[in-house]
Every structure is written in C-alpha cells, then in structure tokens.
Amino acid sequence: MKRTYWTALGIACASILLAGCQMNVITEIDSSGAGTLTTEVGMTPDEVAQLQSLGGETGGSTCSSFSAGQTGAADAPAFEEEMRGEDTWCVAKESFENLDELAALYQEMGFVKIRELTLREGLLVYDLEVDAQGSDEATAPTGMTWILELPGKVGSHNADSVEGKRLTWTLKTGTVTEVQASSDLSALSLPFDLGGSETWIIAGVSCLCCGSVLVVVVVVVLLLKRKGRESGSSKPSETSA
C-alpha cells in the first residue's frame with residue numbers, strides 16, 4: 001500500500017496548530033546514483049507537549065505518531081527522535097541503490113511529480129515538481145525545505161541557495177515548486193577543477209612561454225661553452241727561451 005506523507009505529517013502538524021512546523025526533505029546522491037533520502041520534522045518544546053497531550057499514549061516516543069499515521073506501515077520508514085538544542089526532530093532515513101529506487105520513494109510520498117531523473121554519459125539531471133498544496137485529509141507543513149546534495153560539479157539549477165554541492169529550495173505552502181538541477185560527473189575523474197576553455201588557453205600560453213625561455217637558456221649556455229673551448233684552443237703556446 002502507498003503511504004501518504006501529507007496524511008502522516010500534515011495531520012500531526014495541523015492537529016496541534018503548529019504554526020512553525022518545519023519539515024525538511026534531504027536527498028543525497030553519490031556518483032553511482034545511490035544515496036539516502038531523509039525526511040525530518042522539527043518541533044519546539046511547546047509543540048512537543050501539545051502533540052503528546054493529543055496523542056493518547058503515555059511513555060511513547062514523540063515521533064511515533066508520524067510513523068503510525070502512515071498507511072502501509074510495514075513499508076513506512078521509522079522516525080527516530082533527535083534533540084537539536086531544545087528542539088525535537090523526528091528523522092526518517094531511507095537508502096536507495098540507484099535513481100530508479102529514488103524515483104519510487106518520491107512517488108510513494110504522494111506529492112512529488114518526476115519530470116526527469118537520469119544519469120547518463122556523466123550528466124545527472126534532476127527535475128521534479130513538489131506539490132506543497134496538501135491533500136484533502138491534511139494541510140502541508142507550514143515551513144518546508146527541499147535539499148539536494150549532488151556529486152560532481154553542480155551545473156544549472158533554480159535553487160534558492162547553494163553551499164558547495166548542497167542546493168536548497170524553500171517551498172511555499174499552497175504552491176507547486178519546480179525543483180531543477182544538473183551535475184557534471186566527469187569532474188570526478190580529477191580532484192580539482194580544470195576550469196573552462198579560457199583556463200586551458202592561459203595554461204597553454206604559459207607553458208609555451210616557459211618552454212621558449214628554457215630553449216633560449218639552453219642555447220645561450222651551449223654557445224658560451226663553445227666559445228670558451230674555442231678561446232682556449234686559439235691561445236698561442238709559450239716557447240722556451
């Protein structure tokens with residue numbers, strides 16, 4: 001059975017009026033197309049108290065309601081509790097071996113439409129639509145960020161912010177957001193960035209100049225040595241008295 005993230009997360013947030021309910025979806029992809037999909041929801045101490053008061057269970061994990069609220073619970077990811085300062089975060093991680101498995105995980109979320117998710121000829125293309133309009137059963141979390149960490153050299157994208165190879169989109173509730181990015185994996189063959197054509201031109205000219213100087217130096221040294229030998233051989237020999 002397909003699990004519905006909006007049902008699990010949206011009802012939990014809406015039921016206790018979590019105006020600041022923060023949800024992050026983090027996808028980390030390596031050069032082979034494998035990686036990890038992480039879903040996390042953050043709550044303040046007051047929000048945790050409200051959730052526990054409405055949960056009907058005592059002694060249970062704060063995050064158990066997120067897992068229990070998903071249909072197809074046998075296949076649903078388990079949310080683990082993490083403390084970050086005073087805030088409680090419910091975190092679920094799922095691994096995937098390739099982009100097909102990642103696509104399947106996205107489809108199970110119920111609010112992600114895949115336009116293109118491919119890795120071929122050293123180019124990774126990531127193109128999705130993320131629907132933050134919620135569902136008939138629950139509204140979407142008020143604050144939601146979509147985070148993508150790519151291998152290789154990050155190419156074109158429409159992310160709101162970039163830090164190294166980590167791209168972040170801030171999703172607005174009630175809207176559909178296009179999430180687009182690409183990555184050049186051919187850059188993984190070397191541990192440094194070779195740059196564009198201008199860099200190669202500058203490097204070529206520099207090498208040519210250095211080579212020319214070296215040739216001139218060698219020629220001058222050879223000429224000086226030859227001149228020295230000729231000078232020594234042309235000296236008149238001393239005659240005895």
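The values are calculated or read from the model by the stated rules, or taken from the named source; none is laboratory data. This one's a predicted model, so the numbers in the text were calculated from it and none came from an experiment. Don't worry about glycine lacking a Cβ; one is built from the backbone with ideal geometry, like all the others, and counts go over all protein chains shown.
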Subject >> Leading residue by the ranking (nearest to Q22 (Cα to Cα)) among those in region 171-190 that are within 15 Å of the chain's Cα centre (by Cα) and at pLDDT 95 or above >> reply: V179
**OP:** Please give the helices (runs of 4 or more DSSP H) falling wholly within region 1-115 in which 3 or more residues are charged (D, E, K, R) and either modelled with pLDDT of 90 or more or within 25 Å of T170 (Cβ to Cβ) (or both).
**Re:** 99-109
Original post:
So V162 clears everything in (1) at pLDDT 95 or above; (2) touching a strand residue (DSSP E or B) at 6+ places or on another chain (Cβ under 6 Å) except one condition, right? Which one?
Top reply: (2)
Subject >> region 124-147 - residue that is among the β-branched types (V, I, T) and at pLDDT 90 or above and, of those, surrounded by the most Cβ atoms within 10 Å (Cβ to Cβ) >> reply: V130
